[in-house]
Amino acid sequence: MPLIHLTTQIKAPIQVVFDLSRSIDFHQESASKTREKAVAGRTNGLIELGETVTWEAIHFGVKQQLTTKITEMNAPHYFTDEMLKGAFKSIRHEHLFHETDGVTEMTDQFYFESPFGVLGKLFNTLVLTNYMTRFLLERNAAIKHIAEKSNA
């Protein structure tokens, strides 16, 4: 199962970064390139432990839906969302936060698996890992920008 591991340093309090990371409204704003929209479950505000959200977005020119559930949370240090329904075989996204001297280190551990056996593994290697890495980097840059701006 592929893993994307990213770490972002943000000059803002841990609670600010944690809340931006689980904000439905901010996610819709920061993922506007793919027209991400919450269409079911929690559709605004801060998602909490046990809640679900269904996202509708355009990826690879195709409208898709993905339903995830917050399966673990220890605010403001981590939360995990896992796919319940969608185009992937599985997704597990662990969001980790650690603050030292006013700088929050935000870590993403994004595990995913495509369906279709060997063809899915080839697609992961040739396309999907790079695509998802770019998507997460853009999201993290948006979180960093807003968190540091609000902390200035």
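The values are calculated or read from the model by the stated rules, or taken from the named source; none is laboratory data. Note that the structure is predicted; figures quoted are calculated from it, not measured. So basically every Cβ, Gly included, is an ideal-geometry build from the backbone, and we count neighbours across all protein chains shown.
Of all the residues in segment 1-22, those that are under 15 Å from Lys149 (Cα atoms) and part of a loop (DSSP other than H, G, I, E, B) number 3. All conditions in (1) under 18 Å from Ala141 (Cβ atoms); (2) under 11 Å from the mean Cα position of the chain (by Cα) hold for Phe18, with the sole exception of (2). Enumerate the pairs (first residue in segment 1-28 and at pLDDT below 95; second residue anywhere and of a type in the set (Asp, Glu) and outside any loop (DSSP other than H, G, I, E, B)) with beta-carbon separation below 6 Å, excluding pairs fewer than 6 apart on the same chain, so at least 6 apart or on different chains. If the second residue must be of a type in the set (Asp, Glu) and outside any loop (DSSP other than H, G, I, E, B), the pairs left are Met1/Glu113.
Considering only segment 23-38, state which residues are part of a helix (DSSP H, G or I) and either buried (at least 17 other Cβ atoms within 10 Å of the Cβ) or out of contact with any helix residue (DSSP H, G or I) (no Cβ under 9 Å at 6 or more places or on another chain) (or both).
Initially, segment 23-38 is screened for residues part of a helix (DSSP H, G or I), giving 24-30, 32-34.
Residues satisfying the conditions are Ile24, Asp25, Phe26, His27, Gln28, Ser30, Ser32.
Taken over segment 39-53, residues that are in contact (Cβ under 8 Å) with a residue 24 or more places away in the chain and either of a type outside the set (A, V, I, L, M) or buried (at least 16 other Cβ atoms within 10 Å of the Cβ) (or both) amount to 6.
If you filter segment 98-140 down to residues that are farther than 15 Å from His5 by Cβ and of a type in the set (Phe, Trp, Tyr), you find that the one that is surrounded by the fewest Cβ atoms within 10 Å (Cβ to Cβ) is Phe116.
Could you tell me whether segment 45-57 includes any residue that is of a type in the set (S, T, N, Q) and part of a strand (DSSP E or B)? Give the derivation first.
Applying the first criterion (of a type in the set (S, T, N, Q)) to segment 45-57 yields 52, 54.
Filter once more, keeping what is part of a strand (DSSP E or B): 52, 54.
Checked against the condition, which is being of a type in the set (S, T, N, Q) and part of a strand (DSSP E or B), segment 45-57 yields at least one hit.
Evaluating Ala87 against the criteria (1) surrounded by fewer than 16 Cβ atoms within 10 Å (Cβ to Cβ); (2) in contact with a helix residue (DSSP H, G or I) (Cβ under 6 Å, 6 or more places away or on another chain) leaves one unmet condition, (2). Among residues of segment 54-82 being among the small types (Gly, Ala, Ser) and over 14 Å from the mean Cα position of the chain (by Cα), the one that is surrounded by the most Cβ atoms within 10 Å (Cβ to Cβ) is Ala75.
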